[in-house]
Amino acid sequence: MCPLVFLAGFIDAIAGGGGLISLPAYLISGIPIHMAIGTNKLSSGLGTGLTTYRFARKGYISYKIAFFAVITAFFGASLGAKLSLIIEELFLMKLMLVILPLTAWYVVRGISFETDAPAYPFKKTVRRACLVAFVAAVYDGFYGPGAGTFMILLLVLIGHMNIREANGVAKAINLATNVAALTVFFLHGKVLLPLGLTAGAFSILGNYIGSKVFIQGEAKWIKPVIITVLTIFFIRVVIQLMG
């Protein structure tokens, strides 16, 4: 399982969506769904923390925007985690069968992640970033996989951010959602602490290498990774719904 968590961290640092790999790794090992989600929050949160730190040092995070978005995301993730403990995931997986193809179409049709769209005024950017943060955080707390990818896409599309700023803010939001959701799962005894910490070391390593690739690379890395992540997610959802 740990090599898969390493791969998840690598992908997550570049384009989000690492949970598409790490969460199934926990489930395949036979861990119950809620315990798997909680433990995954621990390991992925450790890796996300490293990437957020590195992106912050590189100036990819707009602190004023991230501050308000993180506060919004914290409440959204707490709500999502509480819903996860009382609601079955079947309805959400069915919704993904619609959302994922639409998202993939949006990416394939020619979106440039080095967007030339004019930046919004600060207050408008904050409002849109907070909206993205809350919606993505509820989903991230409830289930998780693909949340980072959706955040990056929405921050570029709705917030008119460039790819580096979008990824930086998304990482800050994702870190907040991990902490909020992890707290809820931990308080309900749904975290395997030794396993989460061990896998977290591999997540940190994967995030370190992935963030290095992102910092040194170009936007051409992003689109193929996002399409791959969305395709894997769609196939996995179909397989789950088929039993």
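The values are calculated or read from the model by the stated rules, or taken from the named source; none is laboratory data. Small disclaimer: the values here were computed from a predicted structure and weren't measured. When we count neighbours, we look across all protein chains shown, and the Cβ atoms used for this are built from the backbone with ideal geometry, even at glycine. When the accessible area is computed, the model is the full protein with side chains, heavy atoms only, and any ligands, DNA or RNA have been set aside. Shrake-Rupley method; radii C 1.70, N 1.55, O 1.52, S 1.80 Å.
Checking residue 165 against (1) in a helix (DSSP H, G or I); (2) within 22 Å of residue 21 (Cβ to Cβ); (3) touching a helix residue (DSSP H, G or I) at 6+ places or on another chain (Cβ under 9 Å); (4) modelled with pLDDT of 85 or more, which single condition isn't satisfied?
(2)
Could you check residue 189 against (1) open to solvent by 10 Å² or more (accessible area, probe 1.4 Å); (2) closer than 27 Å to residue 227 by Cα and say which number it fails?
Answer for residue 189: the failing condition is (2).
Given 180, 119, 170, 137, which one is of a type outside the set (Phe, Trp, Tyr) and over 22 Å from residue 78 (Cβ atoms)? So that I can check it myself, show each step before the final result.
Values: 180 fails: over 22 Å from residue 78 (Cβ atoms); 170 fails: over 22 Å from residue 78 (Cβ atoms); 137 fails: over 22 Å from residue 78 (Cβ atoms).
The match here is 119.
Can you tell me which of (1) modelled with pLDDT of 90 or more; (2) open to solvent by 10 Å² or more (accessible area, probe 1.4 Å) is the one residue 234 doesn't meet?
(1)
Please state which one of 159, 206 is surrounded by 18 or more Cβ atoms within 10 Å (Cβ to Cβ), closer than 13 Å to residue 13 by Cα and among the small types (Gly, Ala, Ser).
On the way: 159 fails: closer than 13 Å to residue 13 by Cα.
Just a single option satisfies the conditions, and that option is 206.
May I ask you to list the residues in segment 57-76 that are in a loop (DSSP other than H, G, I, E, B) and surrounded by fewer than 16 Cβ atoms within 10 Å (Cβ to Cβ)?
Passing the criteria: 58, 59.
So, residue 17, is that one closer than 26 Å to residue 165 by Cα, assigned to a helix (DSSP H, G or I) and of a type in the set (Gly, Ala, Ser) or not?
no
Considering every residue within segment 140-156, establish whether at least one is buried (at least 22 other Cβ atoms within 10 Å of the Cβ), among the charged types (D, E, K, R) and at pLDDT below 85.
Yes: segment 140-156 contains one or more residues that are buried (at least 22 other Cβ atoms within 10 Å of the Cβ), among the charged types (D, E, K, R) and at pLDDT below 85.
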